[in-house]
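Heads up: the structure comes next, in structure tokens.
The values are calculated or read from the model by the stated rules, or taken from the named source; none is laboratory data. Here the structure is a predicted model, which means the values were calculated and not measured. Using ideal geometry, Cβ is built from the backbone for each residue, glycine included, and neighbour counts are taken over all protein chains shown. Heavy atoms of the whole protein, side chains included, go into the accessibility calculation; ligands, DNA and RNA do not. Shrake-Rupley method; radii C 1.70, N 1.55, O 1.52, S 1.80 Å.
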Amino acid sequence: MTIKEWRQLIEENLSKAGVPNASLEAKWLIAGALEKENSFVTLHSSYLTSSQEDAKLQEWLRRRLQGEPLSRLKGIREFWSLPFHLNEHTLDPRPETELLIEGVLKWIDKRTLDPWRILDLGTGSGCLLIALLHELKNTTGLGVDLSEGALTMAYSNATLNKVAARATFQQSNWGEDLEGAFDIIVSNPPYIPLKDKETLEKSVLYFDPSLALFGGEDGLECYRILAREISRLLAIEGLSVLEIGYGQRKGVEALFHKAGFKTLFVLKDLAGIDRAIGMQKTIAP
Ligand code: GLN
């Protein structure tokens, strides 16, 4: 078949299945399966696919129609304009998580701490830690995760993005066994309330690891642990930036303020939802 025919077939199937932006997705899916740039698909509509390529396109279309996101099919996702490989143990990095990087970068503009030590609690693919190490050349960082499969991926992503010399990865249940102090602590913990499980999209529920998604009945379970752990591990002048879920700002602030933190900033995502919160320890009078 030609690329043009594939585009028509895939677009038609995707839009029938209710996939938004079916036309763009069809192009990206073909480019991904053929391991070419997106522009190749636009420029070579008469390219004749081989039988091997046909089989791969069929397979990708079938999996996509079952709800598997394109980033998982490709096994790679862009975050902060850097490439990250994914496996079944890592959450697919979301664009809104880039807000945490923005928050850190804005804040440290005004700081002179040097050299910084960064901690990423629940590092997953390593996207937060690696993007920060990439931006801040005078830093070193530690990424911890409960999942060994995630740590393997994070380490290989650090190598891919040329920050492995400044990154360490360790298996740990949050901050257990860690000693402070860290100047910057980031985390995108699991925060979806278990009661919302039924309403999740297929692409999330079946393809993201549950360990990275669910934060107990009310979604705040991990923040209860984090308030304690970050309070112990954060340097006095240090900054902690956390991702939070819909409607969780008050609950998370209550936990952290009680543990001796003050809020420095809250950043909203494109949907206007409070998504990243920056906090610092209050210094005892
Ligand atoms: N942001 C993800 C989602 O809403 C959830 C990831 C998380 O719990 N940190 O799909």
Across segment 35-64, what is the total count of residues that are within 14 Å of Glu5 (Cβ to Cβ) and of a type in the set (A, V, I, L, M)? 4
Name the residues in segment 26-37 that are outside any loop (DSSP other than H, G, I, E, B) and either farther than 17 Å from Ser71 by Cβ or open to solvent by 60 Å² or more (accessible area, probe 1.4 Å) (or both), would you? Trp28
What is the number of the single condition among (1) at pLDDT 95 or above; (2) within 16 Å of the ligand (Cβ to nearest atom); (3) surrounded by 17 or more Cβ atoms within 10 Å (Cβ to Cβ); (4) hydroxyl-bearing (Ser, Thr, Tyr) that Ser172 does not meet? (2)
In this structure, does Ala154 turn out to be buried (at least 24 other Cβ atoms within 10 Å of the Cβ), at pLDDT 95 or above and under 12 Å from Val186 (Cβ atoms)? no
Is there any pair with a first residue in segment 162-183 that is over 24 Å from His85 (Cβ atoms) and of a type outside the set (A, V, I, L, M, F, W, C) and a second that is at pLDDT below 95 and open to solvent by less than 30 Å² (accessible area, probe 1.4 Å) whose Cβ atoms are under 6 Å apart and which are 6 or more apart or on different chains, and what are they? Asp183/Trp116; Asp183/Ala235; Asp183/Gly238
Do we have any residue at all in segment 177-193 that's buried (at least 17 other Cβ atoms within 10 Å of the Cβ), part of a strand (DSSP E or B) and near the ligand (Cβ under 10 Å from one of its atoms)? yes
When you look at Ser23, is it in contact with a helix residue (DSSP H, G or I) (Cβ under 8 Å, 6 or more places away or on another chain) and either surrounded by 13 or more Cβ atoms within 10 Å (Cβ to Cβ) or of a type in the set (Gly, Ala, Ser) (or both), yes or no? yes
Give me a count of the residues in segment 60-94 that are within 16 Å of the ligand (Cβ to nearest atom), open to solvent by 20 Å² or more (accessible area, probe 1.4 Å) and without any contact (Cβ under 8 Å) to a residue 40 or more places away in the chain. 1
Options Leu61, Leu91, Leu57, Leu73: the member that is under 25 Å from Glu229 (Cα atoms) and touching a helix residue (DSSP H, G or I) at 6+ places or on another chain (Cβ under 9 Å): Leu91
How about segment 198-267: which helices (runs of 4 or more DSSP H) wholly inside it have at least 1 residues that are modelled with pLDDT under 95? 202-205
